[in-house]
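Structure provided below as structure tokens; questions to follow.
The values are calculated or read from the model by the stated rules, or taken from the named source; none is laboratory data. Being a predicted model, the structure only gives us computed values, none of them experimental. FYI the Cβ positions are ideal-geometry reconstructions off the backbone, even for glycines, and counts take in every protein chain you see.
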Amino acid sequence: MIQSGYLVLADLSGYTPFVATTELDHAHVLIGNILRIVRRYLTPPLQLAEVEGDALFLFVPAERMQRGETLLEVIERAYVGFRDALQAIQRSVTCPCQACQAIPSLDLKFVTHYGEYALEDLTGSSKPFGSSVNVAHRLLKNPVASETGWQAYALFTELALERMGVRPQGMHGTRASYEHLGEHVLGVLDLRQRYVELTAQRRAFLEGDDAHFTIRRRYGAAPSKLWELLNDPHLRTVWEQTSDWSARERPGGRTGPGAHNHCANSDFLEEVLDWRPFDYYTVRLSRGPIRFTITGELRPDDAGTELRWSIIMEGGAPRVLRSVACRFFAARLMGAPARFDRLDRLLHSAPAAPDDVTSTPV
């Protein structure tokens, strides 16, 4: 069966000189551990097709990634996890061998293409094949490093960016041409710079004890899938009954602090204050002088993901009055408990991904 979807390669930069100049036994163990860390951040929502030496080949069908921006967030989150892990290994290493001392020379790049492919099963696991797969692999050889000097980057073909529906500011534009595969327009993000930006952002997080109203639900889905349903305006309109959400401002061409959404039914404007895929988000709902702050925190475990949704009413009125008004707004006007039950039913009605499990409310 022919499918359409995203084809992703996560490739270690600096692998060849690292292996050539270090002890093979230590290098082999270190590379294996690092690839396992990267895989943990990418799967799910991506599905691993194959480990290819110093690279992971992954894919996800289009219908399992309705919010294209989620893919960009998955890649960035994986890079942050990779860099944090690399720094932790470097701090804790006591071995004087060349492999252990050369850890800082490694980096990570991503290549993403969108196209058609078929699945073959030769070793007990599904692996895409076809011309689009060839394009994705050939794109590992590209002009980015020579043009920019970047060793850590996220490269997207124009087809992938169009399908994702997002085009971040600051992308480096280039082209690559391959025999039999044609020319491809590319957009590239500097992941080292994104790491600095993501780790330096201010935090706006509503603790449960500070909230006026909190709901907890457990869902049998990966955090990335739940994040998509919680934050895609179209999908929110499906499970948040009586709402009609649409995207407004997107500073930098994507969702993040400063982005806005609008609900046409309630006329509430939503501003993103803090954005940490797939850990938590904090937003401010406002309509005239009425303002609420909401934090949605995702806590993964072996059974799926627990959502803690907390809300507080802002303003100068006494806390007890704001607390009563906030509870009335959340429980009665928003119908929050019923909304999160509908979210559970929507997860059940969606096609199950290989890593999905049954969800149960708490």
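Is it the case, given these coordinates, that S177 is surrounded by fewer than 20 Cβ atoms within 10 Å (Cβ to Cβ), more than 19 Å from F59 (Cα to Cα) and not assigned by TED's automatic domain parsing to the domain that holds R248?
Spelling it out, S177 is indeed surrounded by fewer than 20 Cβ atoms within 10 Å (Cβ to Cβ), more than 19 Å from F59 (Cα to Cα) and not assigned by TED's automatic domain parsing to the domain that holds R248.
Same structure again: Regarding L273, is this residue of a type in the set (A, V, I, L, M, F, W, C) and out of contact with any Pro (no Cβ under 8 Å at 6 or more places or on another chain)?
No, not satisfied.
Out of the range 271-307, which residues are of a type in the set (D, E), part of a strand (DSSP E or B) and either over 21 Å from P251 (Cβ atoms) or at pLDDT 95 or above (or both)?
E297, D301, E306, listed by residue number.
For the range 207-225, name all the residues that are closer than 29 Å to R322 by Cβ and either touching a helix residue (DSSP H, G or I) at 6+ places or on another chain (Cβ under 7 Å) or among the aliphatic types (A, V, I, L, M) (or both).
A211, H212, F213, T214, I215, R217
Being closer than 22 Å to Y280 by Cβ, over 17 Å from the mean Cα position of the chain (by Cα) and free of Cβ contacts under 8 Å to residues at least 12 places away in the same chain narrows it down to one residue among A200, A247; which is it?
It is A200.
Among L285, L273, L333, which is the only one that is crowded, with 18+ Cβ neighbours inside 10 Å and over 30 Å from H172 (Cβ atoms)?
Sole residue among the options that is crowded, with 18+ Cβ neighbours inside 10 Å and over 30 Å from H172 (Cβ atoms): L285.
Cβ contacts < 8 Å: first residue in contact (Cβ under 8 Å) with a residue 24 or more places away in the chain, restricted to the range 318-332; second residue among the hydrophobic types (A, V, I, L, M, F, W, C) and assigned to a helix (DSSP H, G or I), any location; separation 6+ or different chain. Result?
Matching pairs, first to second residue: A330/A336.
When you check L72 against the structure, is it touching a helix residue (DSSP H, G or I) at 6+ places or on another chain (Cβ under 7 Å) and either at pLDDT 85 or above or closer than 27 Å to P128 by Cα (or both), yes or no?
Spelling it out, L72 is indeed touching a helix residue (DSSP H, G or I) at 6+ places or on another chain (Cβ under 7 Å) and either at pLDDT 85 or above or closer than 27 Å to P128 by Cα (or both).
Now, a different point. Of the conditions (1) in a strand (DSSP E or B); (2) more than 22 Å from L48 (Cβ to Cβ), F156 clears all except one; give me its number.
(2)
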